[in-house]
Each structure stands twice: as structure tokens, then as C-alpha cells.
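The values are calculated or read from the model by the stated rules, or taken from the named source; none is laboratory data. No experiment lies behind these values; they were computed from the predicted model shown. Here the Cβ positions follow ideal geometry from the backbone for every residue, glycine too, while neighbour counts run over all protein chains shown. Ligands, DNA and RNA are stripped out before the accessible areas are found, and what is left, the full protein with its side chains, is counted by its heavy atoms. Shrake-Rupley method; radii C 1.70, N 1.55, O 1.52, S 1.80 Å.
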Amino acid sequence: FAGTINSISLKVGERIGTNTVVMEIVDFSQAEVRATLDEIDLSRVKSGQRVAITMDALPGTRITGQVAFVALVGTRASGVVTYPLKITMTLPSGVVLRDGVTATLNVVVEEKRGVLLVPTRALKRQGRDWIAQVLVDGKPQDRLVTVGTSSDQQTEIVSGLNEGDQVVITTTTATRTATTQGGGGGSFGGAIPGVGGGMPAMGFR
């Protein structure tokens, strides 16, 4: 295969025997990330899912990848079971990686289009119900809502709100509480990353 000589193990004039390693050749066109998956997220991550990859060594560069392998047998350490995970990468033209650099992975475990989204901070829990405050004639009113898929930033609203409704987000500081208008509900598509994590930390956050 074609590649780049990364290291030469011998010097001119040395004698070599069978199976002696002479040099290491690296194929930079084939790259992958090896990570570990926590058992909590095991049921959500499957082969073939899309992955967004960022690296501190390549600031501003976004790399796409795909889950290639999730191990069937895990490793137990300090009472925690993790499963080896392999991600293949599609490198942008001209990008060269170095072995061992840290990667942050965001695996898209579910994707919905044309759904109604609101900021997750606009929702509060009351017993088993979810409540959103909606501005009606300039005054906030509680509205019972049914939620769907959720991330740290946005939550899908299945029922209870309409596109264009203005929801209220309450922010608290050390000295006062201010009520501001959050971004109104909107109908648009997009992926909601469900699992993410930094490497080489063990597992996903």
C-alpha cells in the first residue's frame, strides 16, 4: 500500500534476521478514532450512525465520521463496564492527522425533521408533567406540554405549543431574578446529538 515512512528502525550496515522490523509506513488516507462507550449509552449507539468529530489539534475543522464497530464484550474497571468503540473518519482534502491526538465525538443517535423546538431551559417539571410559560398579551401563562426528543439545548414539543408562540426563560443571578423572552418556538429540521464525549477520557459524558 502507499504511505509515508514514519520511522526507520535500523542503521546502514546492521545485520537483520527474519521478521525484523525495518521501518514503519503509515497510510494517512485511512484514519479512525478508538474510544470507549459507557454501558448507559450502549443501547443508543449502533454501527452506521453519523458522528461529528472535532479536535484541539485542528481548530475550526469539522470532520465527519461513522460508527464502524461497537464491541460485544466490555471491560470492567473499578465496577464500571465500558465497551470499545471504533469510528472511521472522512478527512477533508489537505488535512493530515497525527497519531494519538485527542478527539471529541458527537454521535447522532436520533434525527427528526420539521419538528417544533424550544430551548430546554424554557421547560420546568411539575410532578409528571412538563410546563412551559407562554407570553399571552404580554403576560406569562403556564401551558401543559408534551415533550419528545431532548438535548441539553433544545427540546421537541409534541403538543401544547404552536409555531410562533413566545416562551419565557427565567434566569437567576446572585442578586436578582430576571424574566426575559426566549426564542419563540419554531418549526425547523436538525439533528439532535444524543451522545458526546471527549477522548481520551474513558467513556462519553
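Here are some notes:
- Per DSSP, loop chymotrypsin sites (Phe, Trp or Tyr not before Pro) in the stretch 1-88 with at most 11 further Cβ within 10 Å: PHE1
- The stretch 106-143 and the stretch 26-71 have Cα centres separated by 30 Å.
- Among 103-115, 74-86, the order from most to least packed when residues are scored by Cβ within 10 Å on average: 103-115, 74-86
- Once backbone amide H atoms are built at 1.01 Å from N, LEU116 has ILE157 as its partners under 5 Å, excluding neighbours fewer than 5 places away on the same chain.
- Trypsin sites (Lys or Arg not before Pro) restricted to DSSP loop in the stretch 37-72 with at most 15 other C-beta within 10 Å: ARG44, LYS46, ARG62
- Measuring nothing but protein heavy atoms, the accessible surface of the stretch 1-140 at 1.4 Å probe radius is 50 percent carbon and sulfur.
- Per residue value of the accessible surface for the stretch 49-111 (all protein chains in place, 1.4 Å probe), Å²: 59
- Straight-line reach from LYS139: taking Cα to Cα under 17 Å and skipping same-chain neighbours fewer than 8 places apart, the aspartates and glutamates in range are ASP165.
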